[in-house]
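Chemist: Take a look at this one; I'll ask things after.
The values are calculated or read from the model by the stated rules, or taken from the named source; none is laboratory data. Note that the structure is a prediction, hence the values are computed from the model and not measured. Cβ: placed from backbone, ideal geometry, glycine included. Neighbour counts: every protein chain shown.
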Ligand SMILES: NC(=O)c1ccc[n+]([C@@H]2O[C@H](COP(=O)([O-])OP(=O)(O)OC[C@H]3O[C@@H](n4cnc5c(N)ncnc54)[C@H](O)[C@@H]3O)[C@@H](O)[C@H]2O)c1
Ligand SMILES: [Zn+2]
Ligand SMILES: [Zn+2]
């Protein structure tokens, strides 16, 4: 059976987003059909709309969702109809050389649904991040479903599917923030504020939020920032150095993803510090740095790669957030 549902589609580079009828097939082997309850709006959806991710238009937008499994295909064992789930970008294979090394975040053989969702005229849609959640029902690989409790708030828990996972993961897993560290986060949207919360949860004692928007800085303070820097009024690098005894921060997270913010992160870190790039650059962006500066600094530069909240150790986040008095 084919399901006729409404979804938010962008047909070409910076074309308006339109609500279209989408045909969604019943799940085949290894697939799950999911009724979407809620979906967050992530900056990456805007990248898709503007053509900053790829030219595979038309895109079915949305990728930060909670839903209820309505049907599963042959061979699916991890979820059953009625399960409340959040959706991962990709299902990991469990057997490739990265998975075998216990590093499924680098899985080389990830999966999305094999069957395609289409417009009524048969045009194949590209679901954002292999999900396409701005729709009533979507089709995913069953391994993209992470089961959550039935009584969780779907609007809150769905954010674990992308922004929260990315930000918390950037601080705790990729940046490896430790108790007593100093951390600076450039860009305090959904991802950056999650990185701030992650840094605070990991025990950082100096947590510097950098943004151009005073409202974002105020929100960052509520989530654990100890200091804020208004990037429209101050040079971010100088300000971060001033707040860290002139040294720079142990971990600097670029949650914007532009060459200028990456350079700020690079120069605002302590000599042996870590830079984490979690913001998504677009294809035309180029980075120019004096190689001598790269050579002259120790430390490391990391990028975030996380296919699934499962591998971001989300259950721990859940406990931490709950123990902090917040519930899903
Ligand atoms: N790697 C991942 O897993 C992952 C996951 C989700 C989102 N992202 C990417 O992370 C980035 C942030 O996503 P978001 O949803 O939080 O976006 P957002 O639009 O909610 O937030 C971006 C923030 O950056 C601030 N900003 C912009 N330019 C700045 C500058 N020059 N200096 C300081 N602050 C600046 C904005 O004021 C805003 O508060 C995007 O590039 C998005 O595509 C990456
Ligand atoms: Zn996202
Ligand atoms: Zn794998």
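Chemist: Does residue 84 satisfy the criteria of being more than 26 Å from residue 190 (Cβ to Cβ) and either touching a strand residue (DSSP E or B) at 6+ places or on another chain (Cβ under 6 Å) or away from ligand 1 (no atom under 16 Å from the Cβ) (or both)?
Modeler: no
Chemist: Just checking, does the stretch 19-29 include any residue being under 30 Å from residue 256 (Cα atoms) and either away from ligand 3 (no atom under 16 Å from the Cβ) or surrounded by fewer than 21 Cβ atoms within 10 Å (Cβ to Cβ) (or both)?
Modeler: Among the residues of the stretch 19-29, at least one is under 30 Å from residue 256 (Cα atoms) and either away from ligand 3 (no atom under 16 Å from the Cβ) or surrounded by fewer than 21 Cβ atoms within 10 Å (Cβ to Cβ) (or both), which makes the answer yes.
Chemist: Inside the stretch 235-254, can you point out the residues that are touching a strand residue (DSSP E or B) at 6+ places or on another chain (Cβ under 6 Å) and crowded, with 17+ Cβ neighbours inside 10 Å?
Modeler: 236, 239, 240, 243, 244, 248, 249, 250, 251, 252, 253, 254, listed by residue number.
Chemist: Let me ask something else about it. Condition first: within 16 Å of ligand 2 (Cβ to nearest atom), in contact with a strand residue (DSSP E or B) (Cβ under 9 Å, 6 or more places away or on another chain) and at pLDDT 95 or above. Can you find one or more residues in the stretch 138-155 that meet it?
Modeler: Yes, because at least one residue in the stretch 138-155 is within 16 Å of ligand 2 (Cβ to nearest atom), in contact with a strand residue (DSSP E or B) (Cβ under 9 Å, 6 or more places away or on another chain) and at pLDDT 95 or above.
Chemist: Before we move on, is residue 187 at pLDDT below 95 and within 16 Å of ligand 2 (Cβ to nearest atom)?
Modeler: Criteria not met by residue 187.
Chemist: In the stretch 1-17, how many are within 24 Å of the chain's Cα centre (by Cα) and part of a strand (DSSP E or B)?
Modeler: Result for the stretch 1-17: 5.
Chemist: Can you tell me which of 194, 184 is crowded, with 24+ Cβ neighbours inside 10 Å and not in a strand (DSSP E or B)?
Modeler: 194
Chemist: Moving on to the next point. Out of 30, 62, I need the residue that is at positive phi, away from ligand 1 (no atom under 11 Å from the Cβ) and within 18 Å of the chain's Cα centre (by Cα). Which one?
Modeler: On inspection, the qualifying residue turns out to be 62.
Chemist: Additional query: Go over the candidates 50, 125, 61 one by one and state the one that is within 30 Å of residue 256 (Cβ to Cβ), surrounded by fewer than 16 Cβ atoms within 10 Å (Cβ to Cβ) and modelled with pLDDT of 95 or more.
Modeler: 50
Chemist: Take the residues in the stretch 103-114 that are buried (at least 16 other Cβ atoms within 10 Å of the Cβ) and modelled with pLDDT of 95 or more; name whichever of them is farthest from residue 90 (Cα to Cα).
Modeler: Among residues in the stretch 103-114 that are buried (at least 16 other Cβ atoms within 10 Å of the Cβ) and modelled with pLDDT of 95 or more, the one farthest from residue 90 (Cα to Cα) is 113.
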